[in-house]
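What follows is a short report on a single structure.
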Amino acid sequence: MPKKPVRKAVFPVAGLGTRVLPATKSVPKEMLTVVDRPVLQHCVEEAREAGIEHFIFVTGRNKAVIEDHFDVAYELEETLRRRGKLKELEELQSSLPAAGATSFTRQQEPLGLGHAIWCAREVIDDEPFAVVLPDMITLPGSDGKRCLRQCIDTYEELGGNVIAVEEVPMEETSQYGVVAKGREFGKSFEIVGMVEKPAKGTAPSNFIISGRYILQPEIFDFLRKGEKGAGGEIQLTDSMRELKTTQRFFARNFDGKTYDTGSKIGFLAANVAFALSRPDIEPGFRAELKRIVGSL
Ligand code: UTP
């Protein structure tokens, strides 16, 4: 049976970002800059490359600047035009989603990731959709594709629900959602169990859920219940585990690099890695980096 295409992506951006305070006191963490653009723009570009047509942002208080970032900046564009800065103008305009291709909805209280996704239910309606955790940003894998595109490839091949995973040292698994591995299908495998933040020594594998998902709309049947899980939050993993009793879940073992910009070290590492991946910035930055590293 042909699979319904994945056209919409949800970006939950209503978290408080307490791990990167004080930066996030008045600036949303998704608007912190990696190289020359907000973290969130990297994610939107990844989704666009993956073929996503509609971008749904679940925002909260103090996040209005996100909406502005994806709108026309009339005065700025006019000034760039007058000053002949046409390259900058072109870059601004080409990064703008098409008219009507964005939706913004509010999560009034940060009750957890599962609750944030639930807030997008009316915009998603009845079709499979992607979830992009905007604090995780990715560099392409061996096939030149970023993580969401690899997940959609798995979905197009195997159907069902797909979660991007990556391996971490066993002792770090208690900080993440973790999946149990079943039968392999090339670069993917069937998920036979999942748990959010397992107690030390109890994780079913070292494959962690890494921030990109393809989900079927039936997930809302379980998110609707609003049950609290690990950390007192409404966890997406708990609803996925329930959905797994009636639908298949596959893991895509992403072979590129993921950076967690929601932590201070991850944010700094992302800036270094993304700068080194940019042909226009790499030469100058490499020289500067060598000077710093040489002095360590
Ligand atoms: P995190 O737990 O990493 O985000 O949630 P956080 O709560 O902002 O981070 P800290 O721990 O306080 O630093 C993963 C993603 O889910 C979103 C966050 O914005 C982040 O992108 N999220 C989380 C919501 O949108 N709403 C929530 O209630 C919780």
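The values are calculated or read from the model by the stated rules, or taken from the named source; none is laboratory data. This one's a predicted model, so the numbers in the text were calculated from it and none came from an experiment. A quick note on method: Cβ atoms are made from the backbone with ideal geometry, for glycine too, and the neighbour counts reach across all protein chains shown. Calculation scope for accessible area: heavy atoms of the full protein, side chains included, ligands and nucleic acids excluded. Shrake-Rupley method; radii C 1.70, N 1.55, O 1.52, S 1.80 Å.
Worth a mention:
- Within the accessible area of the range 52-143 (1.4 Å probe), percent carbon and sulfur: 48 percent
- For residue 3, the lysines whose Cα falls under 25 Å of its own Cα, not counting residues fewer than eight places away in the same chain, are 145, 181, 187, 244.
- Residues of the chain: accessible area per residue with a 1.4 Å probe, Å²: 50 Å²
- Spatial separation of Cα centroids for the range 117-135 and the range 225-246, in angstrom: 15 Å
- Loop-resident GluC sites (Glu not before Pro) (DSSP state other than H, G, I, E or B) in the range 1-77 with no more than 16 further Cβ atoms inside 10 Å of their Cβ: 53.
- Between the range 248-289 and the range 1-46, the Cα center-to-center distance that results, in Å: 15 Å
- Helical runs (DSSP H, four residues minimum) scored at -39500 (n - 2.57) apiece and divided by the length of the chain put the mean residue ellipticity at 222 nm at -9000 deg cm²/dmol.
- Size estimate for the range 151-296 follows the Kirkwood approach: the inverse of mean 1/r over distinct Cα pairs works out to 17.2 Å.
- Compactness of the chain, taken as the C-alpha radius of gyration over 2.2 N^0.38 Å, stands at 1.02.
- Length added when fully stretched, residue 61-residue 83, from 0.36 nm per residue minus Cα-Cα: 4.4 nm
- Cβ-defined net charge surrounding residue 230, 11 Å radius [Lys, Arg +1; Asp, Glu -1]: -1
- Carbon/sulfur fraction of accessible area - the range 154-206, other protein chains in place, 1.4 Å, %: 49 percent
- Accessible carbon and sulfur surface of the range 224-296 relative to its total accessible area, %, 1.4 Å: 57 percent
- Net charge dipole, the chain: roughly 480 debye, given to the nearest 20, about the Cα centre with Cβ charges of +1 for Lys and Arg and -1 for Asp and Glu.
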